[in-house]
Amino acid sequence: MRSLYISKHGGPDVLDVRDAADPVPGPGEVRVRIEACGLNFAEVSARVGLYPDAPKPPCVLGYEAAGVVDQLGEGVDDLAIGTRVVCMKRFGAHADVLCTARALVVEIPDEMSFDDAAALPVNYLTAFHMLFVVANLRPKQTLLLHMAAGGVGVAVLQLARTVEDVTIFGTASGPKHDFIRDLGCNHPIDYRTADYGAEVMRLTGGKGVDLILDPLGGKDWKRNYKLLRPVGKLIVFGFANAVQGEKRNMLKVVHQLMSTPLFTPLSLMDSNRCVAGVNMGHLWDELELLSWELAKVIELYREGHVRPHVDATFPFSQAAEAHRYIQGRKNVGKVVLHPD
Ligand SMILES: NC(=O)c1ccc[n+]([C@@H]2O[C@H](COP(=O)([O-])OP(=O)(O)OC[C@H]3O[C@@H](n4cnc5c(N)ncnc54)[C@H](OP(=O)(O)O)[C@@H]3O)[C@@H](O)[C@H]2O)c1
């Protein structure tokens with residue numbers, strides 16, 4: 001097998017491709033020959049050394065991939081060899097073959113490409129989980145979405161459109177505004193040139209919004225909490241503000257950590273607001289929930305609501321360029337890797 005390694009923490013040049021013997025599926029596992037894998041902000045953060053969940057380098061990361069079933073472990077009798085599938089794994093999906101639990105392997109429709117399939121799990125499960133499991137988004141509500149043109153952002157825009165009359169405010173760089181507007185973002189806001197908080201308050205007549213999805217962290221969590229209307233929910237699900245530059249900068253990380261607000265139960269009660277956290281990477285033991293969410297996302301794909309936007313693909317040998325593409329904020333939607 002060939003796998004994409006992070007050899008040590010550092011700039012994109014620490015990535016390399018290594019060979020090893022093919023893995024053998026254990027009981028209850030399925031082996032999949034991989035055609036495409038999703039690259040996420042998480043792996044970029046891990047390379048920099050700012051993703052606490054990641055194993056110590058040298059390590060192979062990757063949570064999601066798509067390919068063809070080529071071996072079944074003991075006890076798996078409900079999947080045929082040769083089936084086209086999408087699968088999830090807790091690290092190690094950036095490889096040309098992987099073994100994972102049967103519950104985390106789902107057959108994909110014939111018309112779905114491997115690239116589209118590999119773009120689904122992390123982005124769409126995170127979006128689905130936040131909107132429908134944690135927030136219970138309802139018609140006529142207002143939503144503020146940050147990093148709206150990224151992989152999770154695109155997924156949130158498409159899924160939020162399945163609920164009637166939701167008004168969406170989305171932050172993204174100016175050149176990406178037409179793209180997110182086409183996906184249903186009513187009010188794109190260029191956070192580089194405008195104060196997004198002031199814009200949201202102006203556009204809502206000072207009321208604020210019902211739901212905020214915030215993967216930025218630090219001082220933005222404080223700012224966003226203040227933009228909630230009564231009964232509003234702030235869902236925190238990332239700390240992108242800590243990842244600045246190709247290498248880790250502890251001064252900036254500490255500064256962001258020190259800007260993090262503290263929410264007390266009494267202040268939450270008195271302001272009628274909710275703060276919730278989502279980390280899909282800590283839900284691996286909830287196999288039933290994850291496989292249900294993945295099946296729901298595939299159903300929404302079949303119904304035409306879900307359409308991953310694969311912006312760029314890179315072979316493993318050019319993974320450094322793929323990381324630079326995301327860190328340079330060039331991507332709109334998903335970046336996919338191909339084994340080579
Ligand atoms: N908790 C979870 O379970 C979970 C799951 C998935 C993702 N996440 C988090 O969700 C966030 C979005 O992930 P994603 O995979 O959708 O991201 P992505 O596709 O890599 O999006 C990158 C885009 O985000 C914008 N951006 C804003 N701040 C940035 C920064 N500091 N560095 C680089 N880009 C920045 C840029 O667009 P503009 O040019 O428009 O600024 C960039 O093009 C990340 O923080 C990630 O860690 C959390």
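The values are calculated or read from the model by the stated rules, or taken from the named source; none is laboratory data. All values derive from a computational prediction rather than experimental measurement. All Cβ positions, even for glycine, are placed from backbone atoms using ideal geometry, and neighbour counts span all protein chains on display. Please note that ligands, DNA and RNA were not included when accessible areas were found on the heavy atoms of the full protein model with its side chains. Shrake-Rupley method; radii C 1.70, N 1.55, O 1.52, S 1.80 Å.
Every residue, every condition in (1) open to solvent by less than 20 Å² (accessible area, probe 1.4 Å); (2) touching a residue at least 60 places away in the same chain (Cβ under 8 Å); (3) outside any helix (DSSP H, G or I); (4) away from the ligand (no atom under 14 Å from the Cβ), yes or no:
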residue	(1), (2), (3), (4)
LYS296	no, yes, no, yes
TYR301	yes, yes, no, yes
HIS305	no, yes, yes, yes
ASP311	no, no, yes, no
SER317	no, yes, no, yes
LYS330	no, no, yes, no
LEU337	yes, yes, yes, no
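Which numbered condition trips up ARG324, out of (1) within 14 Å of the ligand (Cβ to nearest atom); (2) part of a loop (DSSP other than H, G, I, E, B); (3) open to solvent by 50 Å² or more (accessible area, probe 1.4 Å)?
Among (1) within 14 Å of the ligand (Cβ to nearest atom); (2) part of a loop (DSSP other than H, G, I, E, B); (3) open to solvent by 50 Å² or more (accessible area, probe 1.4 Å), ARG324 violates only (2).
Any chance you could count how many residues in the range 113-154 are of a type in the set (Gly, Ala, Ser) and either open to solvent by 10 Å² or more (accessible area, probe 1.4 Å) or under 16 Å from PRO188 (Cα atoms) (or both)? Before you say what the answer is, go through the steps one by one.
To start, the set of residues in the range 113-154 that are of a type in the set (Gly, Ala, Ser) comprises 113, 117-119, 127, 135, 148-151, 153.
Applying the additional criterion that residues be either open to solvent by 10 Å² or more (accessible area, probe 1.4 Å) or under 16 Å from PRO188 (Cα atoms) (or both) yields 113, 148-151, 153.
Total satisfying the criteria: 6.
Hey, can you tell me all the residues within the range 180-235 that are among the polar types (S, T, N, Q), touching a residue at least 60 places away in the same chain (Cβ under 8 Å) and open to solvent by 20 Å² or more (accessible area, probe 1.4 Å)?
Within the range 180-235, just THR204 meets the criteria.
Identify, please: which residue in the range 87-128 is aliphatic (A, V, I, L, M) and assigned to a strand (DSSP E or B) and is, among those, nearest to the ligand (Cβ to nearest atom)?
To start, the set of residues in the range 87-128 that are aliphatic (A, V, I, L, M) comprises 88, 93, 95, 97-98, 101, 103-106, 108, 112, 117-120, 122, 125, 127.
Subset that is assigned to a strand (DSSP E or B): 88, 95, 97-98, 101, 105-106.
Values: MET88: 12, ALA95: 20, VAL97: 24, LEU98: 20, ALA101: 19, VAL105: 20, VAL106: 18 Å.
The residue in question is MET88.
Inside the range 35-71, can you point out the residues that are touching a helix residue (DSSP H, G or I) at 6+ places or on another chain (Cβ under 6 Å), assigned to a strand (DSSP E or B) and open to solvent by less than 10 Å² (accessible area, probe 1.4 Å)?
Hits for the range 35-71 are ALA36, CYS37, GLY38, LEU39, GLU64, ALA65, ALA66.
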